Each structure stands twice: as C-alpha cells, then as structure tokens.
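Single-structure report; data block below.
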Amino acid sequence: MKTIDLRSDTVTLPSPEMRRAIAGAELGDDVFGEDPAVNRLQEVAAEMLGKEAALLTSSGTQSNLVALLTHCRRGDEVIVGDQSHTLLYEVGGAWTLGGLGLRAVRNDARGRLDAGELRARIRGANDHFPRTGLICLENTHNQCGGAVLNEEDLAAVRDVADAHGLPLHMDGARIFNAAAALGVPVARLAAYADSVCFSLSKGLGCPIGSVLCGSREFIAEARRYRKMLGGGMRQAGIIAAAGLYALESMVGRLAEDHENARLAAAGLAQMPGVRLAPEPQTNLVYFTVEGWDLGRLVHRLGEAGVLCFDEGGRLRWVTHYGIERADIEEALDRTRSVLAAGG
Ligand code: TLP
C-alpha cells in the first residue's frame, strides 16, 4: 500500500532533476561570500522578489528571527498576528534570543490584521512603553487555512506602517503560493514589505532552506545576525543549487497543488461530519470531523496509509509535489472507509 503523506509540504523530496542540479553545483565557502551557487541564488531571488539583495538561511524560522533582529533593537515590540507562525511555532526565539516582545493583533479568518486593532497596538512616545519596532504579516497564512493576502490587504497595512514610520516584514514561507493563487508576479506582493522571506523547503520541493530578501543595507546587517545564530554555512551551494532549480522549474507547478487541494476539499466536504475550516484558497486544507477523537482518527488514517496532522482541533491535509490527483482520489477513498468503519 502506498503511503500518501499529506502532513506538510515540507515532506517533499527533491526530484531527479533537482538531485542532478545539487550534484553538479559549483561550490565555494559562503562565509567568505565565495560560493557561486549561493551568490547566484541570492541574485535570482532578489530579482524575482523585486528587492536589492537576498540571503540564504537554513530555515523559515531562522529567516524570520534574523529579520526581526535586523529590523529591531533589543527591548522593542514586534506586532504579529495572533495566529502567526512567528508567535505560535518559532519557539519564542524573538524574546528568548532577541529580547523582543511580540504584541499580538487579531487575525481575521482571511489572515488579515484588524486595522483598528493594529493602530491601537502601536505604542506612542512615552517613557513607560517599549518602542514598536516592526509589523509582521504572513502570506499565505498557515493557521488561517493558507489564506492569501491580496494587494489591497497588503496596502492597508503598508499605509499604517508608513503613517507610523515602521518597517514591515512578510513571512512569505508560501508567498509563491499566494502569487500563484492571485495570478500576479511575486514581486507585486513583496513590494508592500521592506523584507520578505520565502521557503525553499516547502512547495518548491527543496530539501533545505529559506531566502530572506530586502535592501542591500538590510541584508548586509542580516548576514551578521545569521552568523550570530550559527547560520553561516560553508559549501552551501549544494542547498542553493536546489533553490535555483526550484525557482526555474517548481514555481510554475504550484497551481496544480491548489487544484488538488480543491479536489480534496470537495471530496472531504461530502463526508458525514466533515466541515472545511475554512474553504481552502491554496494548498492547505483544514477540516473538522464531528463525533471523532481527532488523535484517534489521525491514527486510523495512518494505518490506512494517509498521513495528516491534528492541528489544534482540526486536521490538515497539505498538497505538494509528489502528490498527484490520483493520490488525492485514493486518500479520499481511504478516508471514506475509515469514517464509515467508525471510531
Ligand atoms: N510551517 C510548518 C510547521 O512548522 C507548522 C508546516 O508544516 O506548515 N512560516 C510559516 C508560515 C510556516 O508555515 C513555517 C513552517 C515556517 C515559517 C517555518 O519554516 P521552517 O520549518 O523552515 O523553519
């Protein structure tokens, strides 16, 4: 029986072509700035996102922490969504390692920050208060079901940031999914933020990596923080070569993952007790199942060869490279049988 792994797009394995690109990478010491593949990836990524410069990091978590440290001073407060990955799933690095406070603003169901609440959370000049140093957005928004922030949503936050002279960072771990869903070049979305990071290791199918993009000055400083966090890698071209291949060859196929997510959602929604939470916009499908202990259901599905996560009272299926339409049909069939057999 084939295992259909829908836990995350992080489980993707490199394609044979990507493995060949890795094997053929021209390498050097990236701490000396001498790895040709890394330098090329950073140039290509910066250009695609419409920024001056870029920095390869080991992970999305590292990119976000480096961005926060670079934008802020110790003791500052960073405004984040209350459902953001940075607040919920990055191990408290901002306050533990950075001495930064995270101040949460409610995310609505579409992953947007409530504009009124956002304005109210920005600190005024007062000796009793920490300084607000940064506003963060997430696009697509993981906990909000892979929701996409469109240009209007981004412009609204940019206006608030500008009115208060604050920089804006975008956790764009899945920004290429957002761009594919909106049918716009990724640079159009990145233009609203001062810094944007995107993951190589999710929908783009690479084994490792994230890229942080911003101004030349910002990236020069970010490079120092990356080193401080132990992220100075040597022959990192073996990672960058996969990234370069992905930017050329994997971005164009993300729409297929979205199509498969819609197929999964349509099938799941017809099963008794299943409710989409919410309707998917990209490659993440969250749903609830009435009358089941979700831990037990995840276990039963696992026995049936369908791997998924229990994400805080909801199950999550993620479509990605390596999952074909037929795999979704098969996963739906197996899920139907598991539900019919009962808890
Ligand atoms: N998300 C992972 C898990 O950590 C939950 C996943 O499977 O979805 N920003 C966003 C929006 C993310 O979804 C993730 C990873 C990260 C940052 C962190 O990236 P990594 O795992 O590379 O540190």
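The values are calculated or read from the model by the stated rules, or taken from the named source; none is laboratory data. Model, not experiment: these values are computed from the prediction. With ideal geometry, Cβ positions are generated from the backbone for all residues, glycine too; neighbour counts draw on all protein chains shown. For accessibility, only protein heavy atoms count, side chains too; no ligands or nucleic acids. Shrake-Rupley method; radii C 1.70, N 1.55, O 1.52, S 1.80 Å.
Here are a few things to note about the model shown:
- Under a 5 Å amide H cut-off, with hydrogens placed 1.01 Å from N, residue 309 pairs with 316 among residues at least 5 apart or on other chains.
- Solvent-accessible area of residue 91 with every protein chain in place, 1.4 Å probe, in Å² to the nearest 10: 130
- Available extension along the chain between residue 309 and residue 155 is 52.1 nm, counting 0.36 nm per residue and deducting the alpha carbon span.
- About its Cα centre, the chain has a charge dipole of approximately 500 debye under the convention of +1 per Lys or Arg Cβ and -1 per Asp or Glu Cβ, with nothing else charged.
- Looking at the stretch 264-310, the accessible area is 45 square angstrom per residue; that uses a 1.4 Å probe and ignores ligands, DNA and RNA.
- Computed on the stretch 16-249, with alpha-carbon pairs under 8 angstrom and 6+ residues apart, the relative contact order is 32 percent.
- The long axis of helix 60-71 is offset from the longest Cα principal axis of the chain by roughly 20 degrees.
- Inter-centroid distance (Cα atoms) of the stretch 4-54 relative to the stretch 168-192, Å: 18
- Taking the C-alpha atoms of the stretch 39-86, convex hull volume expressed per residue in Å³: 104
- Cα centroid of the stretch 266-292 to Cα centroid of the stretch 205-261, whole Å: 31
- Each label point was placed 7 Å from the Cα along the Cα-to-Cβ direction; for residue 234 and residue 125 their separation is 5.1 nm.
- All-pairs Cα distance distribution in the stretch 16-249, expressed in whole percent, bin size 5 Å: 1, 7, 15, 20, 20, 16, 11, 6, 3, 1, 0, 0
- Helix 36-49 vs. the chain, principal-axis angle (Cα, 0 to 90°, nearest 10): 80
- Full extension of the chain between residue 279 and residue 97 yields a length gain of 61.9 nm, computed as 0.36 nm times the residue separation minus the alpha carbon distance.
- Using θ = phi - 60° and Karplus 6.51 cos²θ - 1.76 cosθ + 1.60, couplings along the stretch 229-236 (whole Hz; Gly, Pro as x): 7, x, x, x, 9, 8, 7, 6
- Backbone N within the stretch 5-43 under 17 Å of label point (7 Å from residue 227 Cα along the Cβ vector): 29-35, 39
- Acute angle (nearest 10 degrees) that the helix 216-228 long axis makes with the longest principal axis of the chain, alpha-carbon atoms: 70
- Over the stretch 1-104, the pair-distance histogram of Cα-Cα distances with 5 Å bins from zero comes to 2, 10, 13, 16, 16, 16, 14, 8, 4, 1, 0 percent, rounded to whole numbers.
- For the pair the stretch 306-343 / the stretch 89-123, the C-alpha centres are spaced 32 Å from each other.
- Heavy-atom surface analysis with a 1.4 Å probe gives the stretch 16-249 a carbon and sulfur content of 49 percent of its accessible area.
- Note that the stretch 109-204, at 37 °C in a medium of 0.692 mPa s, gets a Stokes-Einstein diffusion coefficient of 236 µm²/s from its Kirkwood radius over C-alpha pairs.
- With protein chains left intact and a 1.4 Å probe, residues in the stretch 178-220 average 32 Å² of accessible area per residue.
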